[in-house]
Amino acid sequence: MSNERTIIKTKVGIVGGGPAGLMLSHMLGQAGIENIVVEARDHQSISNTHRAGILEAQAVSMLVDSGVDGRVLSEGDVHSGIDLRFNGESHPLDFTDLVDATVTLYAQNEVFIDLAAARARDGGDVRYLCEVTELMDLETDTPKFRFTNAEDEAFEVHCDILIGADGSRSFCRRQIPDTNRQDFTVTYPFAWFGILTEAPKSAPELIYANSPHGFALISQRSETVQRMYFQCHPGENVHDWSEDRIWTELQARVDGPDNFTLKTGKIFDKTVLKFRSFVREPLSHGRLFLIGDAGHTVPPTGAKGLNLAFADVKVLFEALDSYYSTSNDALLHAYSDTALKRVWKAQNFSYWMTSMLHTPVDADPFMAKRALGELETVTSSRYGQQYLAESYTGWPHA
Ligand code: PHB
């Protein structure tokens, strides 16, 4: 590395170019607020990272109304409900009827691809393969950070506001001093085994299944590619799982007197996804603000991860817009408290869905039966169904 360090001056410095960082960068760009995004990975590997796929209608509106692209409308699949399957029986929930809302199935890596394309189209400054090494002066009016690019050239960004959008293992979060902060964590004794398969759809909408063999989720990607998951041990090795073994396991979890049968095909991607519930409080320190997984993570059962990140972006964008147009930083000061209200609602919903649908190995038989009692309570009452439907489709943005 040469000794030269190029100084970059901008208004908002964003560490992390996943969907949260890029969405904020895009909205700031639309409002004429100069910003830079610095991302550790390359475009290709983020495009190929398979994550969840459900977008609340509000998240879809953020993409469409801000002029990202219409692909989410043309290629996303609008779902008006889900199926809760337990005791081998189907219990469809119709969100349109229950709460007059829908969700859209559109994979998170497609959201990333669209946002990255919009930033490139609009001349946004997004730098991939850049490693952030240091955050400085967070408690001053000019926070800074240092990064090196793939050519080993060194840069120092001077900005007004620094954003930590660098995911669940956030470097930014770890730079906040230990005083006056608290982390809240729950770990689960299970993980998800996720597959992508070349097969037709097994069902038109998502099936969340509780079974004596453990949880399974039957999701989709297109007419010819499907996404499915089954609860597994967090230490599970994908190489121990042949296609036959995976299909036997998945089928066992949806078996029932209705003879529901999964449509199988070649499996071309296998991953074990570990998860936890996590919240950092507060979500800001001086001029550093955490958004998305950098500040909080949820288990995937409630499909809230990306939606929650976008809700943070909305709150923070409005605070930044107000700050740059009126010099009033009241909304910036309120960001953490405002965002955390929704974060905790989503934490509750995700924890609830997870514990109701999964069966820990060695589960106390009482607890397993209790979860079935809960599923019965929710599905047999319109109020119960509405409670789930309202949370799943997303509470109104603040
Ligand atoms: C997915 O399609 O990948 C997906 C859908 C819903 C979830 C989690 C993952 O709750």
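Coordinate-derived values only; no laboratory data. Note that this is a predicted model, so its numbers are computed, not measured. When we count neighbours, we look across all protein chains shown, and the Cβ atoms used for this are built from the backbone with ideal geometry, even at glycine.
Quick rundown of the values:
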quantity	calculated
Dipole magnitude of the stretch 258-339 about its Cα centre (Cβ charges: Lys, Arg +1; Asp, Glu -1), debye to nearest 20	540
For a label point 7 Å along the Cα-to-beta-carbon line of residue 146, residues of the stretch 112-133 with backbone N under 14 Å	131-133
Options 164, 322, 176, ranked by Cα towards positive dipole end of the chain, top entry (Cβ charges)	176
Contour minus Cα-Cα distance for residue 370 and residue 174 (0.36 nm per residue)	66.7 nm
Net length gained if the chain between residue 344 and residue 139 were fully extended (0.36 nm per residue, minus Cα distance)	71.1 nm
The chain - charge dipole about Cα centre, Lys and Arg +1 at Cβ, Asp and Glu -1, debye rounded to 20	460
Shape category assigned to the stretch 331-398 from the gyration tensor of Cα positions, a/c cut at 1.5	oblate
Cβ-placed point charges (K, R +1; D, E -1), dipole of the stretch 45-146 about Cα centre in debye, nearest 20	420
Value of relative contact order over the chain, rounded to a whole percent, pairs C-alpha under 8 Å and six or more apart	20
Long-range tail of P(r) for the stretch 30-90 (Cα pairs > 16 Å, %)	69
Rotationally averaged projected area of the stretch 255-384 (alpha carbon convex hull; nm²)	12.7
Stretchable slack from residue 258 to residue 240, in nm (0.36 nm times residue separation minus alpha-carbon distance)	3.4 nm
Pair residue 158, residue 248: separation of 7 Å Cα→Cβ label points (nm)	6.6
Cα-projected label distance for residue 398 with residue 187, points at 7 Å along beta-carbon direction, nm	3.1
Peptides ranked, highest mean first, by Cβ atoms within 10 Å: ranges 366-379, 95-108, 156-169, 234-247	156-169, 95-108, 366-379, 234-247
